[in-house]
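The values are calculated or read from the model by the stated rules, or taken from the named source; none is laboratory data. What you see is a predicted model, and the numbers here were worked out from it, not measured in a lab. Quick reminder, even Gly has a Cβ in these numbers, built from the backbone with ideal geometry, and neighbours come from all protein chains shown.
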Amino acid sequence: MKHEGTLLPMIAFALVLTAASATAQSYTPLYTYPDTISNTTGVAAPALFSQGPDGELYSTIQSNGTYNSGSVYKMTTVGGYSLVYSFCSELGHCLVTGTDPWGGVTLGTDGNLYGTTATGGADGAGTVFKITPAGAWTKLWDFTAGVTSKHLNDEGDPYYAPFQAIDGNFYGVDEGVYSGTYGVFYKITTKGKLTAYPFNYADGYVPNLPTQGSDGNFYGTAQAGGGATCECGTVYKATTGGKITKLHAFAGYPTDGTRPIGALVQGSDGDFWGTTYQGGAFNEGTIFKISASGTYTLVYNFQYAQPELLGAEPVAGLTLGSDGNLYGVTEIGGKNGYGTIFQVTTGGAVTFLHNFCSVTGCADGILPQTPLVQHTNGKFYGTASGNSLCCGVFYSFDMGLPPFTRSPATQGKVGATIDFLGQGLTGASSVSFNGTPATSFTIVSDTFLTVKVPVGALTGVVSILTSTGTLLSIHNFKVLPVVTGLSVTSGTVGTPVTISGSGLTQASKITFGGVKAVFSVTNDSTIATTVPTGAKTGKVAVTTLGGAASSAATFTVTP
């Protein structure tokens with residue numbers, strides 16, 4: 001088996017950065033990870049954290065647990081550790097549950113957590129699983145490692161947890177198992193049907209997990225492949241149908257980055273932001289951004305050297321904060337050589353916020369490899385992986401940002417039940433969708449409530465009024481339009497037509513066979529319009545701030 005993967009050498013080099021250090025923020029080590037059977041903490045990239053409905057943070061450890069084959073675990077926001085599930089209870093080659101869960105877990109709209117094991121399973125090439133917060137485990141897929149008789153092209157060796165897209169399916173990547181395979185972008189349903197879309201070398205080799213953009217497409221990086229000269233990795237775009245397109249081939253040192261690691265994130269400016277582990281002017285990594293159309297900008301060159309002693313070699317990508325800034329970690333560098341936490345604005349200003357190993361014995365942690373996650377309490381949380389000697393920790397990092405609310409779902413129709421995470425929800429007295437109050441919501445716990453999208457709900461910020469203040473959603477919630485009927489299904493130019501449906505209040509365009517019509521919104525469920533000059537026989541489509549919908553019936557334009 002091959003492995004280009006996300007494991008990185010924990011070696012410090014002497015290298016320079018050009019941004020000024022900032023005064024240390026509020027950093028708190030909360031828990032020290034014990035060593036596992038592998039003589040490490042087992043906490044390593046990419047190990048995503050996800051906030052569960054109970055307000056706790058869930059992830060995976062690669063080599064601990066009851067059977068020393070990895071586990072799902074959770075942490076409270078004050079550092080209370082709990083084991084949720086241990087892999088390989090069947091022992092042997094872990095042919096049922098799998099082993100080596102590197103990728104952490106992601107939260108689905110059903111309240112369950114989803115992840116992968118990199119090895120084990122029926123064909124030894126890894127698995128996809130879901131697990132409840134209480135620890136009830138279900139296997140969704142066994143990767144086949146290209147077993148000829150199965151003809152699936154799914155390959156295997158998945159190092160990232162898949163994530164749920166707006167179509168309700170989960171999407172992920174694997175590295176591929178054998179020489180001559182370059183990795184796979186895949187879609188898997190909640191019932192376990194997987195469709196694989198293999199990479200070719202020109203589009204990228206060893207893909208990292210993509211993110212879904214506001215246009216519905218997926219954007220990610222691959223650690224190698226691309227250009228015929230450098231083969232330093234790529235930025236790729238993928239559609240829900242699996243069409244993979246190369247947007248950028250990294251050119252490498254000294255003009256560009258090399259070996260991007262970690263997921264991209266769409267910034268508040270609409271561009272996709274990421275990091276490379278190496279390359280750039282000093283060959284110690286870069287920060288870059290790229291537009292959906294492929295306009296690429298090298299934003300920052302990492303360098304660790306005297307006299308500033310700043311961070312270098314980022315391996316975890318970036319996290320978008322509720323303040324619109326991006327946050328990340330470097331595995332090495334900083335004043336003590338063991339890594340940093342940094343911030344970058346969408347204007348490209350980089351500030352180093354914390355140096356690891358800032359106390360005697362490095363009890364605050366060393367060598368951070370995993371991405372930061374922002375909890376709805378406003379604080380960031382992460383891990384420092386440590387090494388065989390010490391110093392693997394779970395920590396919080398407080399930038400003083402206010403609490404907020406977040407939903408696993410980013411869109412929904414009127415009448416749909418939507419989950420929201422937060423804190424202090426026991427005393428919630430109202431929930432509003434961009435100013436439109438919900439008439440029905442249920443407080444499940446202090447950290448979790450459900451609400452029905454109300455009639456007249458508007459795309460925008462969701463607000464929850466609690467006894468201690470108002471929580472605002474970190475992302476806009478899109479109210480999806482629905483067209484349920486037309487008052488008539490044929491007519492000449494000028495014929496009045498009433499469109500019925502829901503989520504129609506913010507309508508911005510009506511078309512008949514693609515031709516725009518004049519219209520007026522009567523209420524959230526009704527739009528009055530007329531057949532426009534030049535109208536063509538076809539569907540009647542409604543576009544709102546929340547999306548687009550079309551009539552089931554074809555409207556026939558008569559002479």
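When we screen Gly274, Gly270, Gly241, Gly262 for residues that are part of a loop (DSSP other than H, G, I, E, B) and surrounded by 23 or more Cβ atoms within 10 Å (Cβ to Cβ), the only hit is Gly262.
Answer with yes or no whether Ser59 is among the small types (Gly, Ala, Ser) and part of a loop (DSSP other than H, G, I, E, B). For Ser59, the condition - among the small types (Gly, Ala, Ser) and part of a loop (DSSP other than H, G, I, E, B) - is not met. Here the condition is being in contact with a Cys (Cβ under 7 Å, 6 or more places away or on another chain) and modelled with pLDDT of 95 or more; of Gly252, Gly220, Gly192, Gly242, it holds for Gly252 alone.
Reported count of residues in segment 323-376, each being among the β-branched types (Val, Ile, Thr), in a loop (DSSP other than H, G, I, E, B) and closer than 19 Å to Tyr277 by Cα, is 2. Looking at the structure I just gave you, is Asp142 in contact with a Ser or Thr (Cβ under 7 Å, 6 or more places away or on another chain), modelled with pLDDT under 95 and within 18 Å of Thr195 (Cβ to Cβ)? So Asp142 fails the test.
Scanning segment 484-498 for residues that are under 7 Å from Val531 (Cα atoms), touching a strand residue (DSSP E or B) at 6+ places or on another chain (Cβ under 6 Å) and assigned to a loop (DSSP other than H, G, I, E, B) gives a single hit, Gly494. Would you confirm whether or not segment 287-310 contains a residue that is under 24 Å from the mean Cα position of the chain (by Cα) and among the acidic types (Asp, Glu)? No, segment 287-310 contains no residue that is under 24 Å from the mean Cα position of the chain (by Cα) and among the acidic types (Asp, Glu). Residues of segment 503-523 include at least one that is buried (at least 17 other Cβ atoms within 10 Å of the Cβ), touching a Ser or Thr at 6+ places or on another chain (Cβ under 7 Å), within 23 Å of Ala165 (Cβ to Cβ) and in contact (Cβ under 8 Å) with a residue 60 or more places away in the chain. Every condition in (1) more than 20 Å from Gly547 (Cβ to Cβ); (2) within 22 Å of the chain's Cα centre (by Cα) holds for Ser430 except the one numbered (2). Quick check, is Leu152 in a strand (DSSP E or B) and more than 23 Å from Ala44 (Cα to Cα)? Criteria not met by Leu152.
Would you check if Leu309 is over 15 Å from Asp269 (Cα atoms) and assigned to a strand (DSSP E or B)?
On the way: over 15 Å from Asp269 (Cα atoms): yes; assigned to a strand (DSSP E or B): no.
No: the conditions fail for Leu309.
Can you find, within segment 33-61, the residue that is surrounded by the fewest Cβ atoms within 10 Å (Cβ to Cβ) among those that are at pLDDT below 95 and among the polar types (S, T, N, Q)? Here the answer is Asn39. When segment 445-468 is filtered for residues that are surrounded by fewer than 17 Cβ atoms within 10 Å (Cβ to Cβ), in contact (Cβ under 8 Å) with a residue 40 or more places away in the chain and not acidic (Asp, Glu), the ones remaining, listed by number, are Ser445, Val455, Ser467, Thr468. Filtering segment 378-409 down to residues that are assigned to a loop (DSSP other than H, G, I, E, B) and under 13 Å from Leu30 (Cβ atoms), which residue is modelled with the lowest pLDDT? Selected residue: Gly392. Within segment 101-113, identify whether any single residue is free of Cβ contacts under 8 Å to residues at least 60 places away in the same chain, in contact with a Lys or Arg (Cβ under 6 Å, 6 or more places away or on another chain) and part of a loop (DSSP other than H, G, I, E, B), and answer yes or no. For segment 101-113, residues free of Cβ contacts under 8 Å to residues at least 60 places away in the same chain, in contact with a Lys or Arg (Cβ under 6 Å, 6 or more places away or on another chain) and part of a loop (DSSP other than H, G, I, E, B): present. Scanning for something outside the structural domain of Gly424 (by TED's automatic domain parsing), under 25 Å from Gly424 (Cα atoms) and buried (at least 24 other Cβ atoms within 10 Å of the Cβ), does segment 125-134 turn up at least one residue? The answer is no, given that none of the residues of segment 125-134 is outside the structural domain of Gly424 (by TED's automatic domain parsing), under 25 Å from Gly424 (Cα atoms) and buried (at least 24 other Cβ atoms within 10 Å of the Cβ).
Taken together, the residues in segment 411-424 that are in a loop (DSSP other than H, G, I, E, B) and closer than 10 Å to Ser473 by Cα amount to 1.
Scan segment 445-455 and give yes if some residue there is outside the structural domain of Pro53 (by TED's automatic domain parsing) and over 27 Å from the mean Cα position of the chain (by Cα), otherwise no. Taking every residue of segment 445-455 in turn, at least one turns out to be outside the structural domain of Pro53 (by TED's automatic domain parsing) and over 27 Å from the mean Cα position of the chain (by Cα). Taken as a whole, the structure leaves Thr489 outside the set of residues that are under 19 Å from Gly108 (Cβ atoms), surrounded by fewer than 19 Cβ atoms within 10 Å (Cβ to Cβ) and not aliphatic (A, V, I, L, M).
Tallying residues that are closer than 29 Å to Arg406 by Cβ and in a loop (DSSP other than H, G, I, E, B) within segment 62-97 yields 10. Only one of the numbered conditions (1) in a loop (DSSP other than H, G, I, E, B); (2) in contact with a strand residue (DSSP E or B) (Cβ under 8 Å, 6 or more places away or on another chain); (3) under 28 Å from Gly412 (Cα atoms) is not met by Gly220, and that is (1).
Scan segment 387-398 residue by residue and report those that are touching a strand residue (DSSP E or B) at 6+ places or on another chain (Cβ under 7 Å) and over 20 Å from Glu56 (Cα atoms). Cys391, the sole residue that qualifies.
Taking the listed residues Ser490, Ser520, the one that is at pLDDT 95 or above, in contact with a Phe, Trp or Tyr (Cβ under 7 Å, 6 or more places away or on another chain) and small (Gly, Ala, Ser) is Ser490, with no other qualifying.
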